[in-house]
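Presented below is the structure to which this report refers.
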Amino acid sequence: MKLVILDGYCLNPGDLSWAGLEALGELTVYDRTPLDNEEEIAARIGGCEIVLTNKTPISRSVLDRCPQVRYIGLLATGYNVVDVDAARERNIPVCNVPGYGTSSVAQFAIALLLEICCRAGHHDQAVHQGRWAACPDYCFWDYPLVELAGKTMGIVGFGSIGQAVGRIAGALGMEVIATGPRPWAAGSRPAPWVPLEELLGRSDVVSLHCPLFPETRGLINRETIALMKDGAILLNNSRGPLIVERDVACALNSGKLFAAGVDVADAEPIPADSPLLTAKNCIITPHISWAPLEARRRLLDTAVENLRAFLAGSPQNAVNR
């Protein structure tokens, strides 16, 4: 059996082992595959029955050219890069890896928030530049510092990651409210459900932890930002297209939003002309919430188990049953 990984470098730049997959068949690993070249994608799949991908798209057209494909494994949780309907029509299970990054993504969301509120990195640089040594006082700061205790954290999308963020926010003394596609019973989740409009109006910090679907694309835009508190903080380390970047940049530059912390972008890598790059008080990191070694090891281990389950006749984590 032949296996191919279309874009393995980000998952495994050399600090993990492909041995678990190599034990299951003849494995070919490409560091990267051009995302916009379906001919090249199909050529790299070639005669392989098993395809693993992170961000390389598997479209209906690619599947038409590769009729031998029996299984598509995602090296990620999100599955919007695969035409799951076309795969279902061909009886090809598409299996993702849920839950591997809950702790790391939640930790990173709070890291973005703490950097906005404390500016530890900025002030570290200032000290190393000699500004403290030259200061006439025993301390200095040149950004507003923010205490989080007593403020309200509104979480949009209250699955495992959203709940983990909520627990950390609660430990910091924040009140946590949340919204999702459907209300939940009081006490069934560790924060009260409120409608999105109420959440935006009450929250000092809005943190996005929902998947990218047509109904969530552009969720934070000029109209929804207008519902937010003046001076609120926005966090997004979920999916870049959840926000309309130009609208968020305008809100930052006008002062409607105090700050934003994002680990994702509408297009990745972020284009040089992205309005977020020149927006005021916007912290941007290069999609690394998922990247601690521990999280990537869990991801790869689960991808191997997903394939083993398929080969045993009982696919697990299939998103297109």
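Filter segment 228-267 down to residues that are of a type in the set (Lys, Arg) and over 13 Å from the mean Cα position of the chain (by Cα) and give me whichever is surrounded by the fewest Cβ atoms within 10 Å (Cβ to Cβ). Quick ask: steps written out before the conclusion?
From segment 228-267, those of a type in the set (Lys, Arg) are 229, 239, 246, 256; that's our starting set.
Now restrict to residues that are over 13 Å from the mean Cα position of the chain (by Cα): 229, 246, 256.
Details: LYS229: 18, ARG246: 15, LYS256: 18.
The residue in question is ARG246.
Between ALA295, ALA272, ALA265, which is out of contact with any helix residue (DSSP H, G or I) (no Cβ under 6 Å at 6 or more places or on another chain) and of a type outside the set (Val, Ile, Thr)? Quick ask: steps written out before the conclusion?
Values: ALA295 fails: out of contact with any helix residue (DSSP H, G or I) (no Cβ under 6 Å at 6 or more places or on another chain); ALA265 fails: out of contact with any helix residue (DSSP H, G or I) (no Cβ under 6 Å at 6 or more places or on another chain).
Being out of contact with any helix residue (DSSP H, G or I) (no Cβ under 6 Å at 6 or more places or on another chain) and of a type outside the set (Val, Ile, Thr) holds for just one of ALA295, ALA272, ALA265, which is ALA272.
Which residues, taken from segment 58-68, are part of a helix (DSSP H, G or I) and open to solvent by 50 Å² or more (accessible area, probe 1.4 Å)? Explain how you work it out, then say what you get.
We begin by selecting, within segment 58-68, every residue part of a helix (DSSP H, G or I); these are 60-65.
Residues satisfying the conditions are ARG60, ASP64, ARG65.
Only one residue in ILE270, ILE225, ILE284 is of a type in the set (Val, Ile, Thr) and either under 16 Å from GLY101 (Cα atoms) or open to solvent by less than 40 Å² (accessible area, probe 1.4 Å) (or both), so which one is that? Before you say what the answer is, go through the steps one by one.
Working: ILE270 fails: either under 16 Å from GLY101 (Cα atoms) or open to solvent by less than 40 Å² (accessible area, probe 1.4 Å) (or both); ILE284 fails: either under 16 Å from GLY101 (Cα atoms) or open to solvent by less than 40 Å² (accessible area, probe 1.4 Å) (or both).
Result: ILE225 is the single residue among ILE270, ILE225, ILE284 that is of a type in the set (Val, Ile, Thr) and either under 16 Å from GLY101 (Cα atoms) or open to solvent by less than 40 Å² (accessible area, probe 1.4 Å) (or both).
So GLY14 fits all but one of (1) open to solvent by 70 Å² or more (accessible area, probe 1.4 Å); (2) out of contact with any helix residue (DSSP H, G or I) (no Cβ under 7 Å at 6 or more places or on another chain); (3) part of a loop (DSSP other than H, G, I, E, B); what number is the exception?
Checking GLY14 against (1) open to solvent by 70 Å² or more (accessible area, probe 1.4 Å); (2) out of contact with any helix residue (DSSP H, G or I) (no Cβ under 7 Å at 6 or more places or on another chain); (3) part of a loop (DSSP other than H, G, I, E, B), the one that fails is (1).
Residue by residue through segment 186-239, note down the ones that are under 20 Å from ALA164 (Cβ atoms) and of a type in the set (A, V, I, L, M, F, W, C).
The initial filter retains those residues of segment 186-239 that are under 20 Å from ALA164 (Cβ atoms), namely 187-194, 199, 203-212, 216, 233-239.
The answer is ALA191, TRP193, VAL194, LEU199, VAL205, VAL206, LEU208, CYS210, LEU212, ILE233, LEU234, LEU235.
How about segment 106-145: which of its residues are of a type in the set (A, V, I, L, M, F, W, C), outside any helix (DSSP H, G or I) and open to solvent by 40 Å² or more (accessible area, probe 1.4 Å)?
Those that are of a type in the set (A, V, I, L, M, F, W, C), outside any helix (DSSP H, G or I) and open to solvent by 40 Å² or more (accessible area, probe 1.4 Å): TRP132, ALA133, ALA134, CYS139, PHE140, TRP141, LEU145.
Please count how many residues of segment 69-98 are open to solvent by less than 50 Å² (accessible area, probe 1.4 Å) and either in contact with a helix residue (DSSP H, G or I) (Cβ under 6 Å, 6 or more places away or on another chain) or over 30 Å from LEU257 (Cα atoms) (or both). If you could, list the steps in order and put the result at the bottom.
Keep residues of segment 69-98 that are open to solvent by less than 50 Å² (accessible area, probe 1.4 Å), which gives 69, 71-76, 78, 81-84, 86-87, 92-97.
Right, trim to either in contact with a helix residue (DSSP H, G or I) (Cβ under 6 Å, 6 or more places away or on another chain) or over 30 Å from LEU257 (Cα atoms) (or both) and you get 69, 71-76, 81-84, 86-87, 92-97.
So the count comes out to 19.
Yes/no matrix, rows are residues, columns are (1) of a type in the set (Phe, Trp, Tyr); (2) over 13 Å from VAL264 (Cβ atoms); (3) at pLDDT 95 or above:
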site	(1), (2), (3)
SER203	no, yes, yes
LEU212	no, no, no
LEU234	no, no, yes
PRO241	no, no, yes
VAL248	no, no, yes
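The values are calculated or read from the model by the stated rules, or taken from the named source; none is laboratory data. Please read these numbers as outputs of a predicted model, since none were measured by experiment. So basically every Cβ, Gly included, is an ideal-geometry build from the backbone, and we count neighbours across all protein chains shown. Only protein heavy atoms, including side chains, enter the accessible area calculation; ligands, DNA and RNA are left aside. Shrake-Rupley method; radii C 1.70, N 1.55, O 1.52, S 1.80 Å.
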